[in-house]
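Structure first, commentary second.
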Amino acid sequence: MHNDKRRLIKHALLLGAFSLLPFSLVSQVQAADTVKVGIIHSLTGTMAMSEASVVDAEKLAIDEINASGGVLGKTVEPIVEDGASDWPTFAEKARKLLENDHVVATFGAYTSASRKAVLPVFERNKALLYYPTFYEGLEKSPAIIYTGAEASQQTLAAVSWLMANKGKSVYLVGSDYIWPRTTNKLARASVTKQGGSIVGEDYLPLGNIEFSSVINKIKAAKPDIVLSTIVGGSNVAFYKQLKAAGIDSSNQTLMALAVTEEEVTGIGAENLTGFLTCMSYFQSLKNPVNEKFVAAFKARYGEKRVVGDPMAAAYTAVYLWKKAVEKAGSFDVPAVIAASSELTLDAPEGEVKVHKDNHHLWKRARIGTINAQGQVDVIYESAPIEPNPFPKL
Amino acid sequence: MNDMTETPLTRSSTQASTTRRLRDGLLPLLERHSLIWLSLLLLVILPLSLGDFRLGLAGKYLSLAFCAVGMVMIWGYGGILSLGQGIFFGLGSYMMAMYLKLEATATDEAASALAAFYGSALPDFMIWNSVDALPWWWKPFESATFTFAAILILPALLAFVFSYAYFKKRVGGVYFSIITLSLAAIMSIMIIGQQGYTGGVNGLTDFKTAFGLSLQTPQTPWILYLITSLLLLGCVALCGFILRSRLGKVVVAIRDREDRVRFSGYNTALFKAFIFAVAALISALGGVMFTLQVGLASPSLVGIIPSTEIVIYAALGGRLSLVGAVYGTLLIGVAKTYLSENFVNFWQYFIGFLFMGVVLFLPTGLAGLLQRLGHGKQEVQS
């Protein structure tokens, strides 16, 4: 029965192949004078468009640090992993960084979904993640330091300014997922408290490109202010259709909460000119740290590249980690977390301070007008706002 | 357990004498026990040679291998190409996750702090989405017994009823594939759309305990790996048993000439629906083990892409080989891990080429290739 022989060979070969498996996966031996940090973002898939530039900012910061002598005398070696816009992959890669590469800190995650997927992994390993995106709040993990704004630091400042300067009736429009819904919950409470009214609230699926009915409703409601939390590619269609419907900055106040300089490039500045946006950071900020950051970024990645809020927050995160390590005198995670409390840093967005217990940053909210060059002219800047991820509504 | 694979080969008599000699030796013991080989790999070699992290990865891929084993049953032997096995994987995964989420909500400190803050003890994502009360179809999942019963019954029942309806109408071949494909798409769109009830794109995550046992101890991944392996081996054995039974023979006969079997008086739709339900049950078990090990249920596991990947796993292993499906899944898992760690920016192209290569050069999979190599000439039927 040669059939049996065939089967024997089959299994012998398969077994041979699999016993080689551990050897093919042997991890690199860490050199004594380097220290490994992880970077975990989507470099492939639908989120790559937004996240790849965040990786660029993180790598820039690491290279700058290495050029000036490293951290505690050690060269920082970044290990980049691709979350592939897929949340289980994020969890897997986070485990790989922590349990296989034993990184001392990790910079990464972008969407809330990816953060939620890696959070249990970081908590289980008692590790440290720096998260750079502005997000909805409602979270406080001992394993994460949040360098982006949480909802109250952006929304509340934006609403107060709008109420004082632009009118009282507000139309809320956003993409249908957790960040816009939470943001609008806060906005509604704040608008009502300040004597304003919400005249409409609409959510559209992520990736939606048909806005005519919403635009008609906005036209009929004639609000003083449109507050948009539409994200990603939908924005291109939204602003083009607004313009086609005859709505522009000359006859309608509109504030976008998810449009950074990068999105402006994608949407086309001509469709957005004169509309408002609210972030902690704009590329146009005038301060020495930012000018140096922008110049270094353009020198390395090209004159045409722009810098947006999450990129600056990611760049800040690397320097915050360096400062905390140096203050602690060790790479040990609990020591670094302890040293991070109330740590201040001169970041591209100005001075930031880590909150003493909720792991978020004290940040300023800035409101600006989008100009024809796709940059933002700052017209208002708040005092540093205390982070409060669980705001009372 | 012997003869796990059908042998679609016509035996040539020239080599019979050599084999006959080997037959009296040690070889029959080894070669006829493919399941024992697999057990050895899963229960001894991998645990001994892999560290915590790699073993966890192996466990994750093994949970996908459940679907591939099911795929061998329905596609290789039943002749039904389903492009929607992710549905049943997802059902198992989500039902397990619902139980774990409710357990986390009831016991975890952070969750109860959040609940106290918002004044209701709901899973965190429901609170964020302004859902006021636990939906009725979530409530039974507070019970572990119900959850297990549901996992064992629901996907299989659903698969049976759904596929029987179509098979009875004699919908088959590519039309059935398209229907399963659309169902997979519908399911992932539904989960993403119903964010307040399903967690949306975020999925269900952040579990701390399972049945009162912590998921965070260093032993947990080992225990879960062991359960996954044993369960998978059990499923392979069960499928082998079904295929060798008379029922299995009828299924294969239906695959080859359905009309003849029907004319002989068999209700072929019933047999096909049964085998489809078995595959659904196995896939659901894989989903359960996936959720326990990876710690989340996500819509990205139920859609079209994961469902078609399952077909590739089975194709690589050889769609007539139950153990081959497991090897195929593991190999692609290893390739994905290796490539994504070493070619961070463009690893997905390699995976794409790998899939294309399998279809182009290995139409009968690894099992077929090895049979060809062992035999020296190509006589594997497609």
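The values are calculated or read from the model by the stated rules, or taken from the named source; none is laboratory data. It should be emphasised that the depicted structure is a prediction, and the values quoted were computed from it without experimental measurement. We place every Cβ from the backbone using ideal geometry, glycine too, and count neighbours over all the protein chains shown. Surface accessibility is based on the protein's heavy atoms, side chains included, excluding ligands, DNA and RNA. Shrake-Rupley method; radii C 1.70, N 1.55, O 1.52, S 1.80 Å.
Here are the numbers:
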item	result
Residue that is farthest from the chain's Cα centre (by Cα) [pool: residues in segment A:47-95 that are of a type in the set (Ser, Thr, Tyr) and either within 14 Å of chain B (Cβ to nearest Cβ) or not in a strand (DSSP E or B) (or both)]	A:Ser68
Output for segment B:289-316, where each listed residue is aliphatic (A, V, I, L, M) and closer than 13 Å to B:Lys60 by Cβ	B:Met289, B:Leu292, B:Val294, B:Leu296, B:Leu301
Residue in segment B:57-67 that is open to solvent by 10 Å² or more (accessible area, probe 1.4 Å), more than 14 Å from chain A (Cβ to nearest Cβ) and hydrophobic (A, V, I, L, M, F, W, C) present	no
Qualifying residue in segment A:143-160 (condition: open to solvent by less than 10 Å² (accessible area, probe 1.4 Å), within 14 Å of chain B (Cβ to nearest Cβ), among the hydroxyl-bearing types (Ser, Thr, Tyr) and over 26 Å from A:Gly195 (Cα atoms))	no
Residue selected from segment B:299-325 under the condition within 10 Å of another protein chain (Cβ to nearest Cβ) and open to solvent by less than 40 Å² (accessible area, probe 1.4 Å), by the criterion nearest to B:Leu38 (Cα to Cα)	B:Val323
Cβ-Cβ under 7 Å pairs, at least 6 apart or on other chains, segment A:259-285 side at positive phi, far side acidic (Asp, Glu)	A:Gly274/A:Asp248
Residues located in segment B:229-255, provided they are free of Cβ contacts under 8 Å to residues at least 24 places away in the same chain and either farther than 26 Å from B:Leu41 by Cβ or of a type in the set (Val, Ile, Thr) (or both)	B:Ser245, B:Arg246, B:Lys249, B:Val250, B:Ala253
Test: residue in segment B:259-266 that is in a loop (DSSP other than H, G, I, E, B), among the acidic types (Asp, Glu) and either within 14 Å of chain A (Cβ to nearest Cβ) or without any contact (Cβ under 8 Å) to a residue 24 or more places away in the chain (or both)	no
Residue that is open to solvent by less than 40 Å² (accessible area, probe 1.4 Å) and either β-branched (Val, Ile, Thr) or modelled with pLDDT of 65 or more (or both), where the choices are B:Ala16, B:Ala104	B:Ala104
From the options A:Asn251, A:Asn235, residue that is on the phi < 0 side of the Ramachandran plot and either in a loop (DSSP other than H, G, I, E, B) or touching a His at 6+ places or on another chain (Cβ under 9 Å) (or both)	A:Asn251
Candidate set from segment B:148-181 (those that are in a loop (DSSP other than H, G, I, E, B) and open to solvent by less than 90 Å² (accessible area, probe 1.4 Å)); member that is modelled with the lowest pLDDT	B:Gly172
Of all residues in segment B:330-344 being surrounded by 14 or more Cβ atoms within 10 Å (Cβ to Cβ) and over 20 Å from the mean Cα position of the chain (by Cα), the one that is farthest from the other protein chains (Cβ to nearest Cβ)	B:Leu339
Hits in segment A:99-124 (condition: open to solvent by less than 20 Å² (accessible area, probe 1.4 Å), facing chain B (nearest Cβ under 8 Å) and in contact (Cβ under 8 Å) with a residue 40 or more places away in the chain)	A:Ser112
Selection from segment A:191-233 of residues that are hydrophobic (A, V, I, L, M, F, W, C) and either in the same structural domain as A:Ser50 (by the TED database) or surrounded by fewer than 21 Cβ atoms within 10 Å (Cβ to Cβ) (or both)	A:Ile198, A:Val199, A:Leu204, A:Leu206, A:Ile209, A:Ile215, A:Ala220, A:Ala221
Subset tally (residues that are closer than 23 Å to A:Ala296 by Cβ, surrounded by fewer than 18 Cβ atoms within 10 Å (Cβ to Cβ) and in contact with an Asp or Glu (Cβ under 9 Å, 6 or more places away or on another chain)) for segment A:29-65	2
Any pair with Cβ under 7 angstrom, 6 or more apart, that starts in segment A:370-393 at a residue that is within 14 Å of chain B (Cβ to nearest Cβ) and ends at one that is open to solvent by 60 Å² or more (accessible area, probe 1.4 Å) and modelled with pLDDT under 90	A:Pro389/A:Lys140; A:Phe390/B:Phe117; A:Leu393/A:Lys185
Residues satisfying the stated conditions in segment B:215-235, i.e. hydroxyl-bearing (Ser, Thr, Tyr) and either modelled with pLDDT of 85 or more or buried (at least 24 other Cβ atoms within 10 Å of the Cβ) (or both)	B:Thr220, B:Tyr225, B:Thr228, B:Ser229
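Conditions tested, residue by residue: (1) away from every other protein chain (no Cβ under 14 Å); (2) among the hydroxyl-bearing types (Ser, Thr, Tyr).
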position: B:Ala133; (1), (2): yes, no
position: B:Trp137; (1), (2): yes, no
position: B:Pro155; (1), (2): yes, no
position: B:Val201; (1), (2): no, no
position: B:Leu204; (1), (2): no, no
position: B:Thr209; (1), (2): no, yes
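So that you can scan it fast, the table gives a plain yes or no per residue for (1) of a type in the set (Val, Ile, Thr); (2) at positive phi:
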| position | (1), (2) |
| --- | --- |
| B:Ser188 | no, no |
| B:Gly199 | no, yes |
| B:Lys208 | no, no |
| B:Leu213 | no, no |
| B:Thr220 | yes, no |
